[in-house]
Every structure is written in C-alpha cells, then in structure tokens.
Amino acid sequence: MTEPQHIIACPACDLLIERQSLPLGRHAHCPRCRQHLYGRYAFRPSQLMALTLTGFLLLPSAFLEPLLYMRLGGVDTEANVLRGIAMLFQDGEPWVAGLVLWCAVLAPVGLLSGIFALASGLAKRWHILPITLRAVETFRHWAMLEVYLVSFLVALFKLVDIAETRLGGGLLSLGILMLLNLTLLILFDPSPYWEKVPCQGARDAEHP
C-alpha cells in the first residue's frame, strides 16, 4: 500500500499522483493536464548558492551605477534604476513608481535572498522554511527585470534621435542580473525543500 506522504496532488487539476524517485535531470508531469510537478535538477544547493552570491555582488552596480549617460541641450545627465524610481515619485506617479520598485528591485532581491536561505540551510536552521518557500513562490511571479530592461531599451531608442547618449556600466550589470534571475527561475526546484516541512496541516486538523 502506498504511504500517504508519497501521494501528491497536482496544483493545477488536483489529481492525486503517486510520487516516484526520478533520475537526475528528469521531471514528472501530471498525466491529466501536463502540469510540471517535480524534478531532479543538475544544480546542487552549492551551485544555487554560487548563483545567488553572484547576484548579490551585481546588485550595487545594477541599481546604483548609471544605465545611461545623456547630453541634451548642453546639460549632462545620468540615469540609474533607483534614480528613475525616485523621479517617478517626484513627478506624481507613486503607483507606477511603487510597481517598478517592487518588480525591478524588491522582488528580484527577495528571490535571491529566499533561494540563498533555502540552499544554504539558513531557512531550516531559523525555522522559517515554509515562510521562505511561500515568499520565493511569490517573488518568482513578480521578479520582472526583463520587463524593466525592455522598457528602458525602448526609451533609449527614442532618445537616440534627440540627445547624445552613451551606455553605462550599470546596464551590463542589470542585463547579467536578469539572465541570472531567469536561470534561477528555471533551475530552482522547491519540492525537495517542501519535503522537509513538517506536516503542520495535519496537526492543525487534529487540534482546531
């Protein structure tokens, strides 16, 4: 008889499926709706930690270094991510500024922090494993550096005709950070960490 902990429910269609061991590099999908369920990725926790640490090293340059140097009407200006958000606040666009701040800064940083806490074992040591997993699941849906970068490039193409522009080092760092975040989103598998979470729901059901 299959043990209850080896039965999982598809998050998309709620089909009950027996969990089986997979070889490295293979993935399991729901037979009904083809939803991805779990997999065995080639990236080990130490490699995830290396990626997240690289991301942390890129953060100051990506957010504080100029993305663009511009000369318009004899006036030299420069733009970076945080300065652009501050200008949106000053121009009376708090909702837009808040959305850019969340999607381009806070969510990517939160994703890096959450995956680092999981891969390093800090989340389990600090007894915040389920909270960290839920936070990572939220951040992975909101981390949209690629949208910000594409929007910036569209604005850049429009500025080329009216101003003298020069790219800054922050743009390269932001691009690398975007690729790193996309890599983490593809390769990070939360299911091994969920298996370490105690069955709190069962205890709550017994003691309402």
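Points to keep in mind about this one:
- Note on the stretch 155-171: among residues that are aliphatic (A, V, I, L, M) and free of Cβ contacts under 8 Å to residues at least 40 places away in the same chain, the one that is surrounded by the most Cβ atoms within 10 Å (Cβ to Cβ) is Ala155.
- Taking the criterion of being modelled with pLDDT under 75 and farther than 15 Å from Pro190 by Cα, the residues of the stretch 1-20 that qualify are Met1, Thr2, Glu3, Pro4, Gln5, His6, Ala12.
- Phe152 vs. criteria aromatic (Phe, Trp, Tyr), open to solvent by less than 50 Å² (accessible area, probe 1.4 Å), in contact (Cβ under 8 Å) with a residue 40 or more places away in the chain and assigned to a helix (DSSP H, G or I): yes
- Residue check for Thr183: open to solvent by 30 Å² or more (accessible area, probe 1.4 Å), free of Cβ contacts under 8 Å to residues at least 60 places away in the same chain and β-branched (Val, Ile, Thr): no
- Filtered residue count, the stretch 106-135, keeping only those that are more than 16 Å from the chain's Cα centre (by Cα) and aliphatic (A, V, I, L, M): 4
- Number of residues in the stretch 105-149 that are more than 22 Å from Leu57 (Cβ to Cβ) and touching a residue at least 40 places away in the same chain (Cβ under 8 Å) equals 7.
- Yes/no for Pro198 being out of contact with any His (no Cβ under 8 Å at 6 or more places or on another chain) and assigned to a loop (DSSP other than H, G, I, E, B): yes
- If you go through the stretch 104-148 and keep only what is open to solvent by less than 40 Å² (accessible area, probe 1.4 Å) and at positive phi, you end up with just Gly121.
The values are calculated or read from the model by the stated rules, or taken from the named source; none is laboratory data. Being a predicted model, the structure only gives us computed values, none of them experimental. Glycine also receives a Cβ, built like all others from the backbone with ideal geometry; neighbour counts cover every protein chain displayed. Just so you know, the surface numbers come from the protein's heavy atoms only, side chains and all, with ligands and any DNA or RNA stripped out. Shrake-Rupley method; radii C 1.70, N 1.55, O 1.52, S 1.80 Å.
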